Amino acid sequence: MTPATPRLYYRHTRDGTLGYLVQKDGRDFIAFDRAGEPVLKVFKHTDWIAEAEPRPLSDIAVTRIAFEADRELCRALGMPQQKLWLNLHDDERIAFMQNGPSGAVRQGLYLVVAAYVRGLATRT
C-alpha cells in the first residue's frame, strides 16, 4: 500500500469521515488513521470530495498526541505507568489539555510535540 505523494485528503459526502488516498494492487482506496475502523475503503469518486485546503487539528487531537508522547517518555525513563487517555476522567483530560504534564522534562516534550503537531496541517 503506497500513499499518494503528497497525501491527498478526501472527506466522505455522507458522514464527513476524513481519509487519504492510497493505491494497493493498482486500485485506489481511502485509508484511515483510526483504530477500530476498517483500514481501507474502496475509493469511489461519487462518495468522496477532495479537501480543498488542509485543516488544523483540533485541540483534543493535538493533546492526545502529546499525551501519548508523554506516556512513552515516562515508560522510557522508568517512571510509573501513566493511565491510558480513554481511562482518564474528563477533569483529568481537561487539566492535561490546559497545563500539560508535571516536571520540566515532560513539560518540554509536551510543548515541542504540541507545537509541531499543530503545524502539520499546513505542511505538505
Number of the exception - GLU68 against (1) acidic (Asp, Glu); (2) in contact with a helix residue (DSSP H, G or I) (Cβ under 8 Å, 6 or more places away or on another chain); (3) modelled with pLDDT under 90: (3)
Scan of region 94-123 for residues that are in contact with a helix residue (DSSP H, G or I) (Cβ under 7 Å, 6 or more places away or on another chain) and modelled with pLDDT of 90 or more, ordered by number: PHE96, MET97, GLY100, PRO101, ARG106, LEU109, TYR110, VAL113, ALA114
Those residues of region 62-78 which are surrounded by 14 or more Cβ atoms within 10 Å (Cβ to Cβ) and either hydrophobic (A, V, I, L, M, F, W, C) or in contact (Cβ under 8 Å) with a residue 24 or more places away in the chain (or both), in sequence order: VAL62, THR63, ILE65, ALA66, PHE67, ALA69, ASP70, LEU73, CYS74
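The values are calculated or read from the model by the stated rules, or taken from the named source; none is laboratory data. Being a predicted model, the structure only gives us computed values, none of them experimental. Reconstructed Cβ throughout: ideal geometry from the backbone, glycine too, with neighbour counts over all protein chains shown.
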